[in-house]
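Report on the following structure.
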Amino acid sequence: DDIVLTFETRGPATFVSETSALMENTITITIDTFVEQEKIDRVDFIKMDIEGAEMEVLKDLDEEGVLKQKMDLLIEYHHHLFAEKDRLGEFLRILEKNGYGYQLKAMLRPPFREKTVEDIMIWGYKK
């Protein structure tokens with residue numbers, strides 16, 4: 001169940017990368033595998049700040065049925081980390097499909113520019 005994510009390092013910051021000379025592979029395990037290995041009975045809260053890997057993790061939580069459990073989620077979503085990928089709607093649909101309501105909070109920084117990276121805090125809660 002190991003997953004390899006590729007991150008780019010820029011000083012103290014890292015984020016998921018698709019192409020960069022500064023790439024570094026990181027071996028991870030899924031949340032459901034960790035829960036199983038550690039024999040955790042129940043997860044009440046998941047906090048994600050994983051620099052662009054949010055969609056991959058949410059899809060895995062969906063596919064593995066973890067999102068069917070009643071838990072709160074706090075996710076720092078990185079919108080437009082890759083300028084051509086608009087995936088926020090898909091991300092929110094996964095939450096809705098699993099019975100979650102959500103609140104969004106983003107820093108308002110006018111003027112707006114197309115394809116600019118925006119950090120959005122998403123609090124997901126079971127309805």
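The values are calculated or read from the model by the stated rules, or taken from the named source; none is laboratory data. As the structure is a computational prediction, the values presented were derived from the model and not from experiment. Here the Cβ is made from the backbone with ideal geometry for all residues, glycine too, and neighbour counts use every protein chain on show. Accessible surface is based on the protein model in full, side chains and every heavy atom, while ligands, DNA and RNA are left aside. Shrake-Rupley method; radii C 1.70, N 1.55, O 1.52, S 1.80 Å.
Let's see how each residue does on (1) charged (D, E, K, R); (2) out of contact with any helix residue (DSSP H, G or I) (no Cβ under 9 Å at 6 or more places or on another chain):
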site: 88; (1), (2): no, yes
site: 91; (1), (2): no, no
site: 95; (1), (2): no, no
site: 99; (1), (2): no, no
site: 104; (1), (2): no, no
site: 110; (1), (2): no, yes
site: 116; (1), (2): no, yes
site: 121; (1), (2): no, yes
site: 127; (1), (2): yes, yes
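Show the residue pairs that are 6+ apart or on different chains and have beta-carbon atoms under 6 Å apart, the first residue being within the stretch 101-114 and within 22 Å of residue 125 (Cβ to Cβ), the second being modelled with pLDDT under 75 and not in a loop (DSSP other than H, G, I, E, B).
Taking only residues 6 or more apart or on different chains, not a single pair turns up.
Give, as residue ranges, the helices (runs of 4 or more DSSP H) completely inside the stretch 1-116 that count at least 3 residues that are open to solvent by less than 40 Å² (accessible area, probe 1.4 Å) and at pLDDT below 90.
Helices (runs of 4 or more DSSP H) meeting the threshold: 31-37, 54-63.
Within the stretch 83-100, track down each residue that is touching a residue at least 12 places away in the same chain (Cβ under 8 Å), within 16 Å of residue 52 (Cα to Cα) and of a type in the set (D, E, K, R).
Answer for the stretch 83-100, where residues must be touching a residue at least 12 places away in the same chain (Cβ under 8 Å), within 16 Å of residue 52 (Cα to Cα) and of a type in the set (D, E, K, R): 84, 87, 90.
Tally the residues that are open to solvent by 100 Å² or more (accessible area, probe 1.4 Å) and within 14 Å of the chain's Cα centre (by Cα), restricting the search to the stretch 117-127. Even if it seems obvious, please write down each step before you answer.
Restricting attention to the stretch 117-127, the residues satisfying the condition of being open to solvent by 100 Å² or more (accessible area, probe 1.4 Å) are 123, 127.
Imposing the further condition that a residue be within 14 Å of the chain's Cα centre (by Cα) reduces the set to 123.
Looking only at that region, the number is 1.
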